[in-house]
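*Asks:* Just passing along the structure, written as structure tokens.
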Amino acid sequence: MLKKRQQDIVRFLEANKIDFEEVDITMSEEKRRWMYKNIPQDKLPAQGNPLPPQIFSNDEYCGDYDSFFESKESNTVFTFLRLKTNLASQESEL
């Protein structure tokens, strides 16, 4: 399920020509620790560690897959991703 969620996000970003960097936290202890440290306290699960995918815009936390999916459903994904371009102008270009 994690892989499918990651692929959903990557497909959306690629389809909308949004630059991104995919980070595999299983390959880097430093990046894993950075991710855990930079997720706001109120967004952490009650138990255990937050599961990928977690989405950041530069160093700013955007949210997890569920938040991404909700923003996509409500046509606010560009705001969610902290992008200046709004969805209406993106859609008119597609």
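Rule-based calculations on the coordinates, nothing more; no lab input. Since this is a predicted model, take the numbers as computed values, not measurements. Glycine gets a Cβ as well: all are built from the backbone with ideal geometry, and neighbour counts include every protein chain shown.
Per-residue answers, yes or no, for (1) out of contact with any His (no Cβ under 7 Å at 6 or more places or on another chain); (2) touching a residue at least 24 places away in the same chain (Cβ under 8 Å); (3) within 19 Å of Leu2 (Cα to Cα):
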{"site": "Ala15", "(1), (2), (3)": "yes, no, no"}
{"site": "Thr26", "(1), (2), (3)": "yes, no, yes"}
{"site": "Asn38", "(1), (2), (3)": "yes, no, no"}
{"site": "Pro45", "(1), (2), (3)": "yes, no, yes"}
{"site": "Leu51", "(1), (2), (3)": "yes, yes, yes"}
{"site": "Ser57", "(1), (2), (3)": "yes, yes, no"}
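*Asks:* For Leu51, all conditions in the list (1) under 16 Å from Phe80 (Cβ atoms); (2) loosely packed, with under 14 Cβ neighbours inside 10 Å; (3) touching a helix residue (DSSP H, G or I) at 6+ places or on another chain (Cβ under 9 Å) hold save one; what is the number of the exception?
*Replies:* It is condition (1) that Leu51 fails.
*Asks:* What's the number of the only condition in (1) in contact with a strand residue (DSSP E or B) (Cβ under 9 Å, 6 or more places away or on another chain); (2) exposed (fewer than 10 other Cβ atoms within 10 Å of the Cβ); (3) on the phi > 0 side of the Ramachandran plot that Asn58 fails to meet?
*Replies:* Going through the list (1) in contact with a strand residue (DSSP E or B) (Cβ under 9 Å, 6 or more places away or on another chain); (2) exposed (fewer than 10 other Cβ atoms within 10 Å of the Cβ); (3) on the phi > 0 side of the Ramachandran plot, Asn58 breaks only (1).
*Asks:* If I ask for residues that are in a strand (DSSP E or B) and of a type in the set (A, V, I, L, M, F, W, C), which ones from segment 42-63 would you list?
*Replies:* If the condition is that a residue be in a strand (DSSP E or B) and of a type in the set (A, V, I, L, M, F, W, C), then Ile55, Phe56, Cys62 are the ones that fit.
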